[in-house]
1. So the check is Cβ under 9 Å with 6+ separation or different chains; which pairs have a first residue in the range 90-107 that's of a type in the set (Lys, Arg) and a second one that's surrounded by fewer than 14 Cβ atoms within 10 Å (Cβ to Cβ)?
2. Out of the residues in the range 38-66 meeting the condition of being within 16 Å of the ligand (Cβ to nearest atom) and under 11 Å from the mean Cα position of the chain (by Cα), tell me which one is nearest to Gln136 (Cα to Cα).
3. Would you please list the contacts, defined by Cβ atoms under 9 Å and residues six or more apart or on different chains, that run from a residue in the range 25-44 that is under 12 Å from Pro121 (Cβ atoms) and loosely packed, with under 13 Cβ neighbours inside 10 Å to a residue that is modelled with pLDDT under 90 and among the hydrophobic types (A, V, I, L, M, F, W, C)?
4. For residues in the range 67-79 being within 12 Å of the chain's Cα centre (by Cα) and among the polar types (S, T, N, Q), which is nearest to Thr134 (Cα to Cα)?
5. Could you list all residues from the range 58-81 that are farther than 26 Å from Gly101 by Cβ and part of a strand (DSSP E or B)?
6. Name the residues in the range 82-119 that are farther than 16 Å from Met42 by Cβ, more than 11 Å from the ligand (Cβ to nearest atom) and part of a loop (DSSP other than H, G, I, E, B), would you?
Amino acid sequence: MRLVVFALIVAAIQLTFIEIGQASEQLRPKALSFGDGYLRTMPPGQKVTAAFMSVTNRSDEDCRLVSLSSPLSDRVEFHQHQHVDGMMQMRPMKSVLVTAGNTVIFKPGAFHVMFFNVGDPLMAGQKAQLKLRTDQCGDYSVELEIRGLVKPKTMDHH
Ligand SMILES: [Cu+2]
């Protein structure tokens with residue numbers, strides 16, 4: 001009897017390993033690539049800003065971006081701009097779909113990533129980290145360049 005129980009436990013453990021193996025095979029961690037990621041500096045006194053980038057899906061299956069996080073903020077959201085009754089409104093989105101072979105561009109006036117409660121001032125030229133999780137295409141860490149709202153004049157350079 002003890003032997004039977006032991007055999008069942010071994011079988012259960014093997015089954016668990018097989019399931020984990022299959023799950024990791026389904027992950028496509030290299031499916032997405034990110035380009036031109038940047039985060040805007042904030043006007044003095046503000047704690048909200050937005051980031052932009054392009055997301056390309058080189059795989060042959062759809063990928064869905066499902067969550068965001070950053071050490072700069074405790075609340076980072078996907079947003080979309082929409083025209084509602086002639087007014088531009090921002091709406092949070094739970095996820096963003098990047099279909100197979102396509103690129104989604106986050107840009108001003110369209111999809112963007114919203115950072116709330118940013119405690120520290122952002123210095124142009126420095127870098128910020130953004131982590132993105134997907135449904136079945138792995139997790140990504142994207143480096144964002146911090147850029148000023150107004151492009152600095154290059155007169156004093158050299
Ligand atoms: Cu927004």
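1. Pairs that qualify, where the first residue is of a type in the set (Lys, Arg) and the partner is surrounded by fewer than 14 Cβ atoms within 10 Å (Cβ to Cβ), are Arg91/Gln82; Arg91/Val84.
2. Only one residue fits best here, namely Leu65.
3. Qualifying pairs under 9 Å: Pro43/Leu149.
4. Result: Ser67.
5. Answer for the range 58-81, where residues must be farther than 26 Å from Gly101 by Cβ and part of a strand (DSSP E or B): Ser69, Ser70, Ser73, Arg75, Val76, Glu77.
6. Within the range 82-119, Asp85, Gly86, Lys94, Ser95, Thr99, Ala100, Gly101, Asn102, Lys107 qualify.
The values are calculated or read from the model by the stated rules, or taken from the named source; none is laboratory data. As the structure is a prediction and not an experimental result, all values here were calculated from the model. Here the Cβ is made from the backbone with ideal geometry for all residues, glycine too, and neighbour counts use every protein chain on show.
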